[in-house]
Amino acid sequence: MVELDSGRARPPGGGEWRSAARTRAGTARGGTGRARLRARASVVVLVSLVLAAVLVPMLSPAPGLVDYTSVRMPPEPGHPFGTDTSGRDLFVRSWAGLRISLLVAAVSTLVSTVLGSAVGAVAGSFGGWVDRLLMRVVDAINSVPHLLLGIVIVALYRGTVLAVVLSIGLTHWATVARVVRSEVLGLRNRPYIDAAISAGAGRWWVLRKHVLPAIVPQAVLSAVLLVPHAVFHETALSFLGLGLPPHLASIGNILGDGRAAVLLGAWWIVVFPALLLVATTLAVSGLAAGWRDRAVPTRRSELSL
Amino acid sequence: MRSEGRLGRRGEAVLWLVLRRLVMAVPVLLLVSFGVFLLAAASPFDPIHQYYGVQIFNASTADVARVRAELGLDQPVLLRFWDWLSGLVTGDLGVSRSMRQPVAEVLAERLPWTLLLAASGLGFAVVLSLVAGTLAAWRQGGWFDRTVTALGHALEGIPPFVLALLAIALFSLGLGWLPVAGLTDAGSRLGAGQVVEHLLLPAAVLGVSQAPWLVLHVRQSLLAALTEDHVTGARARGLRERVVVLRHALPTALLPFVAVLGARVPELVTGAVLVEAVFSWPGVASAVVTAAQAADYPLLAVLTLLATAAVLLGSLLADVAAVLLDPRVSADG
């Protein structure tokens, strides 16, 4: 990496500039109040999206039924989102798709976060060659475009939900690892850690009792920030026909079907599922941004969308 | 004389930076290719089935074993990795199973189209973000700024393939201005006019999908730059507003922009994969999808390495540009 003489011309990921601009220009215009409002609105939107994704497919009388007498119907009172190429009601299908996409994203994020936290904690607390080796692996993972590596994984373990979960989980942990590692490095020289070690505590004990509780907020924040990535990743894989099996109506699968339908003029097959996807992504990133401002005021995460 | 000497030192520093990065790139590339190789080795997918196709049911066990030995598939993973690696170094990239031609040929045919698309898309994104970001920061809080900021945040959440489908629906089917997909119209010959016509929409979609981060970044750095002492100084000297913003504040703001640009190669690759797939653009990125569908390991591995090299090159170019542009930066890392 290029180092700076003055240490200010090149912020990592543009982060410090943003905070500088916010303190100078943002707070003057009530920036924090607006950020809080945005975070609250995001929570409301996200909760309603999740509720609808759970309830709509559950309460609908006939979910996902093929009906060749009403193929590619534009939106109308009976079918608020229209119908798809097999005559399935897109309203129910889209919400069911959002449920599957969110579920896959949540599980993959969990995999990523656990893996990343473990690697980061071990690298940060052990140091030495363990740290160097693990960080080289992190560098390597970060220098492969995630979608491409994900495609390689699903291609070789094709056609299962597990493949998609692993494809996302195994490619997104590196950023979490880095965040957690730097947190651990910051902890290492704290007096209470020194005290524990001089009192005869073992490495694993310190890791479990002192380090883990301290890194949990960072890890959870990273996890929340990863969710939109995971949703995007799953959707993109499914859209390309490489992700979830076709019978699972994920947003990506619906959009993949919509690709041919758009050419026939059926824009609604793309627009409505895409709207749900975009609303979810924006709500999650709005929530994460608001939370980050409150929980970690001085540091801007490299994970920002 | 003095300035010449300084330039010479800078040049030397850049040379060392490039050399050091190249040396550092070797272990990363090795690690990536070994990782991909291990993934393939652990895969339940057996390449021998692909070699035979349906004929595997007619082949005798002895034949299958013989072919397996001929293809070197019966050897341990490390040995196969070594074979593949030494082939790579000597220029033998293997044979693509899904395209049924040498991987080198696939690259030669498809790489130029991807470079054309990526360069046009990135160029479009840079111009768009510089113009929009500068105008937005200039009149912070005005209607243009609010529109740009809101649009930028909204676009961040829209995946490139949705953007591509919407663009096709609007510009190709709705308005009929531009062709839907491909490189040329059916039956017409490959010519510059045809290619430009077919390039416009994918390049614009790729550019717009990359632009939000860049626009918001330019805006933020310019806002920060506008509060700096040398800008206040320029204002105090009574310079015109245009000179202050474009000649004093913007150059400061552009330095981090170059770094961000170099760091965005992974997203550019991701965008290219999706955009090429939607528009049936005959580049290497859409070959990734074809190769993945056929579990075409030799092609996938080379394309992954290529993308990794592109990412490393992007960050190297950004750092070189930073060293060349900013005298405060020292090249010691």
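The values are calculated or read from the model by the stated rules, or taken from the named source; none is laboratory data. Bear in mind the structure is a predicted one, so any value in this text is a computation, not a measurement. Counting neighbours? That spans all protein chains shown, and the Cβs are built from the backbone with ideal geometry, glycine included.
So that you can scan it fast, the table gives a plain yes or no per residue for (1) within 30 Å of B:Leu223 (Cα to Cα); (2) surrounded by fewer than 18 Cβ atoms within 10 Å (Cβ to Cβ); (3) modelled with pLDDT under 85:
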{"site": "B:Arg247", "(1), (2), (3)": "yes, yes, yes"}
{"site": "B:Ala259", "(1), (2), (3)": "yes, no, yes"}
{"site": "B:Glu276", "(1), (2), (3)": "no, no, no"}
{"site": "B:Asp319", "(1), (2), (3)": "yes, no, yes"}
{"site": "B:Val329", "(1), (2), (3)": "yes, no, yes"}
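Output the qualifying pairs, or none if there are none: Cβ atoms under 9 angstrom, residues six or more apart or on different chains, first residue in the range A:190-212 and among the aromatic types (Phe, Trp, Tyr), second residue in a helix (DSSP H, G or I).
A:Tyr192/A:His210; A:Trp205/A:Ala196
Can you confirm whether A:Ala155 is within 30 Å of A:Ser238 (Cβ to Cβ), more than 8 Å from chain B (Cβ to nearest Cβ) and either aliphatic (A, V, I, L, M) or touching a Phe, Trp or Tyr at 6+ places or on another chain (Cβ under 6 Å) (or both)? Please lay out each step first, then the result.
Details: within 30 Å of A:Ser238 (Cβ to Cβ): yes; more than 8 Å from chain B (Cβ to nearest Cβ): no; either aliphatic (A, V, I, L, M) or touching a Phe, Trp or Tyr at 6+ places or on another chain (Cβ under 6 Å) (or both): yes.
No; evaluated as a whole, the condition is false for this residue.
How many residues, within the range B:279-293, are more than 8 Å from chain A (Cβ to nearest Cβ) and over 20 Å from B:Gly121 (Cα atoms)?
Taking the range B:279-293 first, the residues more than 8 Å from chain A (Cβ to nearest Cβ) are B:279-287, B:290.
If we keep only those that are over 20 Å from B:Gly121 (Cα atoms) as well, we get B:290.
Summing the residues that are more than 8 Å from chain A (Cβ to nearest Cβ) and over 20 Å from B:Gly121 (Cα atoms) in the range B:279-293 gives 1.
Do any residues in the range B:137-154 that are touching a residue at least 40 places away in the same chain (Cβ under 8 Å) and within 11 Å of chain A (Cβ to nearest Cβ) have Cβ atoms under 8 Å from those of residues that are of a type in the set (S, T, N, Q) and not in a helix (DSSP H, G or I), where the two are at least six apart or on different chains, and which pairs are they?
From residues that are touching a residue at least 40 places away in the same chain (Cβ under 8 Å) and within 11 Å of chain A (Cβ to nearest Cβ), there are no pairs.
Since B:Glu267 meets every condition but one in (1) buried (at least 19 other Cβ atoms within 10 Å of the Cβ); (2) within 26 Å of B:Val284 (Cβ to Cβ), which condition does it not meet?
(1)
Which condition does B:Arg110 not pass, out of (1) modelled with pLDDT under 75; (2) among the basic types (Lys, Arg); (3) under 26 Å from the mean Cα position of the chain (by Cα), if it passes all the others?
(1)
Kindly evaluate A:Ala105 against the criterion of being modelled with pLDDT of 75 or more, in contact with a Phe, Trp or Tyr (Cβ under 7 Å, 6 or more places away or on another chain) and within 27 Å of A:Ala261 (Cα to Cα). Give the derivation first.
Details: modelled with pLDDT of 75 or more: yes; in contact with a Phe, Trp or Tyr (Cβ under 7 Å, 6 or more places away or on another chain): no; within 27 Å of A:Ala261 (Cα to Cα): yes.
Taking the combined requirement at face value, the residue does not satisfy it.
Looking at the range A:223-252 only, could you name the residues that are more than 7 Å from chain B (Cβ to nearest Cβ) and touching a Pro at 6+ places or on another chain (Cβ under 6 Å)?
A:Ile251
Considering only residues that are at the interface with chain A (Cβ under 7 Å from one of its Cβ atoms) and within 22 Å of B:Ala118 (Cβ to Cβ), look in the range B:294-317 and name the one that is modelled with the lowest pLDDT.
Looking at the filtered set, the residue picked out is B:Leu300.
Scan B:Leu325, B:Leu255 and give me the residue that is at the interface with chain A (Cβ under 7 Å from one of its Cβ atoms) and either buried (at least 18 other Cβ atoms within 10 Å of the Cβ) or farther than 21 Å from A:Leu156 by Cα (or both). Working first, answer last.
Working: B:Leu325 fails: at the interface with chain A (Cβ under 7 Å from one of its Cβ atoms).
That would be B:Leu255, the only listed residue that is at the interface with chain A (Cβ under 7 Å from one of its Cβ atoms) and either buried (at least 18 other Cβ atoms within 10 Å of the Cβ) or farther than 21 Å from A:Leu156 by Cα (or both).
Kindly indicate which of B:Gly87, B:Gly123, B:Gly91 is within 24 Å of B:Ala307 (Cβ to Cβ), under 29 Å from the mean Cα position of the chain (by Cα) and modelled with pLDDT under 80. Explain how you work it out, then say what you get.
Details: B:Gly87 fails: modelled with pLDDT under 80; B:Gly123 fails: modelled with pLDDT under 80.
Unique residue meeting the criteria: B:Gly91.
Determine which member of the set A:Ser86, A:Ser101, A:Ser94, A:Ser60 is polar (S, T, N, Q) and in contact with a Ser or Thr (Cβ under 9 Å, 6 or more places away or on another chain). Don't jump to the end; show me each part of the working.
On the way: A:Ser86 fails: in contact with a Ser or Thr (Cβ under 9 Å, 6 or more places away or on another chain); A:Ser94 fails: in contact with a Ser or Thr (Cβ under 9 Å, 6 or more places away or on another chain); A:Ser60 fails: in contact with a Ser or Thr (Cβ under 9 Å, 6 or more places away or on another chain).
Among A:Ser86, A:Ser101, A:Ser94, A:Ser60, only A:Ser101 is polar (S, T, N, Q) and in contact with a Ser or Thr (Cβ under 9 Å, 6 or more places away or on another chain).
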